[in-house]
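Undergrad: Here it is, the structure, as structure tokens.
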Amino acid sequence: MNTPVTQQLARPLRLGTRRSPLAMAQAYETRERLCAAHGWGEDAIELVPVTASGDKVQDRPLAEIGGKALWTKELDAWLLGGEIDFAVHSMKDVETLRPAELTIAAVLPRADVRDVLVGASSIAAIPPGARVGTSAPRRAAQMLHARPDLTVVSFRGNVATRLAKLQADEADVTLLAAAGLQRLGEHGVGHPLPETEWLPAPAQGAIGIECLAARDDVRAILAAIDDRPTHDAIRAERALLAGLGGTCHSPIAVLTSADAGTLTLRAAIYSPDGTMRVEATESFAAGDDQGPARLAHRLLAEAPEAIRVHFHGSA
């Protein structure tokens with residue numbers, strides 16, 4: 001049934017998205033949830049795809065060519081210029097500090113947070129001296145911490161590209177996000193790693209929808225699909241990133257659990273070569289950004305210089 005908010009629509013809402021297969025799948029999911037929540041037909045939302053800068057350069061690690069901003073800058077410009085009404089993002093790929101004019105108005109229910117190992121049945125089963133294909137500092141550091149005998153080789157591209165590189169013997173194993181595989185319908189690929197043993201990336205598995213902070217009309221529309229438990233967890237994980245002063249070069253892993261309004265963050269930070277690791281846990285009320293800040297402070301205080309040099313937070 002239409003609400004007073006939806007009755008105000010004079011034209012289709014424009015949803016900006018990257019053009020990659022996974023981004024498009026996330027945009028379709030967002031449109032489906034919005035239409036279901038408001039009783040709309042599909043034509044109420046127009047998908048507006050863009051080829052992001054991060055998708056155009058595949059031969060170098062993202063951290064070397066501009067970082068996570070390369071996933072968002074085209075969509076940011078469209079939002080600020082009024083060419084789209086909102087944009088959909090993998091929250092894992094969104095910079096911690098965003099333009100003040102923009103706001104994450106909704107976060108969809110979180111999918112599987114685990115990483116999937118492709119090419120071996122477990123970390124222990126990877127052959128000695130094997131090549132691990134990844135360009136993610138967290139995955140590289142975690143793998144080298146667990147298996148210092150392995151070699152990391154740069155591996156970028158969408159899911160299909162990375163699986164093709166593996167088939168072409170550019171690496172022996174690789175790691176992919178379970179959520180991305182599931183959203184693409186790629187079931188049965190690889191072996192999921194237990195999240196309690198192999199901590200995920202901050203905000204992994206979460207889809208966020210961003211709009212202009214001043215667009216109260218759009219924020220009201222998006223509120224109908226905001227999943228508060230997921231939003232609280234993502235806010236906490238991003239507050240941890242802010243407290244650590246992490247960059248695209250900083251290996252950070254975190255697992256969030258919730259119980260009756262209390263969040264518990266278990267986080268680890270590494271040296272990029274994986275030789276050093278510090279872990280700590282903090283519990284706090286959902287919405288309390290000081291809890292993640294305390295955790296960041298403790299991690300940096302306990303970390304040796306070989307780790308701290310890759311973070312810009314204050315110990």
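Values quoted throughout were computed directly from the atomic coordinates according to the rules given, and no laboratory measurement underlies them. These numbers come from a predicted model, not from an experiment. Cβ: placed from backbone, ideal geometry, glycine included. Neighbour counts: every protein chain shown.
Undergrad: If LEU300 meets every condition in (1) outside any helix (DSSP H, G or I); (2) touching a Lys or Arg at 6+ places or on another chain (Cβ under 7 Å) apart from one, which number is that one?
TA: Checking LEU300 against (1) outside any helix (DSSP H, G or I); (2) touching a Lys or Arg at 6+ places or on another chain (Cβ under 7 Å), the one that fails is (1).
Undergrad: Given (1) surrounded by fewer than 15 Cβ atoms within 10 Å (Cβ to Cβ); (2) part of a strand (DSSP E or B); (3) aliphatic (A, V, I, L, M), identify the lone condition not met by LEU263.
TA: (1)
Undergrad: Turning to a different aspect of this structure: Checking ARG147 against (1) under 28 Å from THR256 (Cα atoms); (2) touching a Cys at 6+ places or on another chain (Cβ under 9 Å): exactly one of these is not met. Which one?
TA: (2)
Undergrad: Which of the numbered conditions does VAL254 fail, given that it passes all the others? Conditions: (1) buried (at least 23 other Cβ atoms within 10 Å of the Cβ); (2) more than 18 Å from the chain's Cα centre (by Cα); (3) β-branched (Val, Ile, Thr).
TA: Just one mismatch for VAL254, condition (2).
Undergrad: Could we say that ALA293 is in a helix (DSSP H, G or I), farther than 29 Å from VAL132 by Cβ and among the hydrophobic types (A, V, I, L, M, F, W, C) here?
TA: Numbers: in a helix (DSSP H, G or I): yes; farther than 29 Å from VAL132 by Cβ: yes; among the hydrophobic types (A, V, I, L, M, F, W, C): yes.
Yes, satisfied.
Undergrad: Collect the residues in the stretch 272-291 that are closer than 25 Å to GLU197 by Cβ, out of contact with any Lys or Arg (no Cβ under 8 Å at 6 or more places or on another chain) and buried (at least 16 other Cβ atoms within 10 Å of the Cβ), keeping them in residue-number order. First the steps, then the outcome.
TA: Initial filter on the stretch 272-291 (closer than 25 Å to GLU197 by Cβ): 272-284, 291.
Still in the running and out of contact with any Lys or Arg (no Cβ under 8 Å at 6 or more places or on another chain): 272-278, 283, 291.
Of everything in the stretch 272-291, those that are closer than 25 Å to GLU197 by Cβ, out of contact with any Lys or Arg (no Cβ under 8 Å at 6 or more places or on another chain) and buried (at least 16 other Cβ atoms within 10 Å of the Cβ) turn out to be PRO272, GLY274, MET276, ARG277, VAL278, GLY291.
Undergrad: OK, next. Going by the structure shown, is ALA258 among the hydrophobic types (A, V, I, L, M, F, W, C) and without any contact (Cβ under 8 Å) to a residue 40 or more places away in the chain? Quick ask: steps written out before the conclusion?
TA: Details: among the hydrophobic types (A, V, I, L, M, F, W, C): yes; without any contact (Cβ under 8 Å) to a residue 40 or more places away in the chain: yes.
Yes: the conditions hold for ALA258.
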